[in-house]
1. What's the exposure ranking of Leu43, Leu53, going from fewest to most Cβ atoms within 10 Å?
2. Name the residues whose placed amide hydrogens come within less than 5 Å of the amide hydrogen of Asp125, ignoring near sequence neighbours (fewer than 5 apart) on the same chain.
3. So if I place +1 on the C-beta of Lys and Arg and -1 on the C-beta of Asp and Glu, and nothing else carries charge, what would the dipole magnitude of segment 44-155 be about its Cα centre? I want it in debye, nearest 20.
4. Using a 10 Å cut-off around each Cβ, can you sort Phe180, Phe122, Phe57 from fewest to most neighbouring Cβ atoms?
5. Could you state the number of Å between the C-alpha centres of segment 181-247 and segment 66-83?
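Coordinate-derived values only; no laboratory data. Computed from a predicted model, the values in this text were never measured in an experiment. Here the Cβ is made from the backbone with ideal geometry for all residues, glycine too, and neighbour counts use every protein chain on show.
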Amino acid sequence: MQRRRILKMFAVTTAYSKLLQTDWFGTLLAEVAVRPRPAVGILRLNLGDFPALRNDFGSVRIGTSRLSANVPLGLFYPIVINRAPGNQFFALNSECTHAGCAVPAFNRSSNSSACPCHGSRFGIDGRVINGPASFPLQQYKVGFDAAGTLTIEIPDWPHEVVGSRVEGSGALKPRFRLKFLAFANLEFEVLFRASLAAGWNPIPFSLTPDGPADRTVFAGNDDFTEVYVERATDVGFYAVAIRIEQV
Ligand code: FES
C-alpha cells in the first residue's frame, strides 16, 4: 500500500531565535506553551484530508505504524476519530481495554467499533456496549475550528526533542542540531517555520554536522538520533514530526 503523508504528529518544538540580538534556545509545546513534563502530543488534522469525517457517524483510524496480529508494530496505538452529530468529534485510543488489541474505526451499521480479538464493542464515544471489556476506550481531548482543523491532545507523550546550535562545522551554512529518541518502526521528518504564524514545511537534513543536507525521512531504530538542518534565517522554529497514515 502506498504510504500517504497525510498529516503530522509533533509533540515538542525546538526553537532557535535571535530576536533582539539575544540568542535563546528552548523547547516549546506545539506553538506557545513552555513544555510541561511529561509532554502533551499535539496532533492536527485537516478534515479535508478525510472524506469519511465529512459526515456524521464517519470514522477513521490513523496511526504511526502498521499493525501485526492486531497490535501496533511501533510504540503508539492508532487513534480512532469519530464524528457525531453537531460537529462533535471523539478521538479514542484504539487500545482495547480488555486485552490490548487495536479496535477498528467506528462502523455505522453496527453502531460500534468491534474488537477483533474477543468481540468487545465500543460506542461512538468509546463507551462499552458489550464486553468482555469493562472500561471505555481512552478519550483524548479534541478541538475543532472554523477552518476545519481538528486538534487532538495526547497526554504523556514521550517524544522529546533537544535543539542546539552547531558551531564550527565544515558545512557552508550555519546549522542547528536536533536530538531525539527515534522509536523503531516509526518514520520521522523535520519541519520548519519562520514564525509562529507561518505554516510548517518539511525541510531536508543531514545525519552528520557537515554532510549534505539531503535527507527527508529518518526510520527510527530505538536509539537517540541527531539530525542537522541548515539555518536559513535568524529566527525560526523546528519540529520533529512522526509520519502518520491511515491504518
Ligand atoms: S482485546 Fe478486545 S475484546 Fe479482548
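1. Ordered from fewest to most neighbouring Cβ atoms within 10 Å, Leu43, Leu53 come out as Leu53, Leu43.
2. none
3. 160
4. Phe57, Phe180, Phe122
5. A separation of 23 Å, based on Cα centres.
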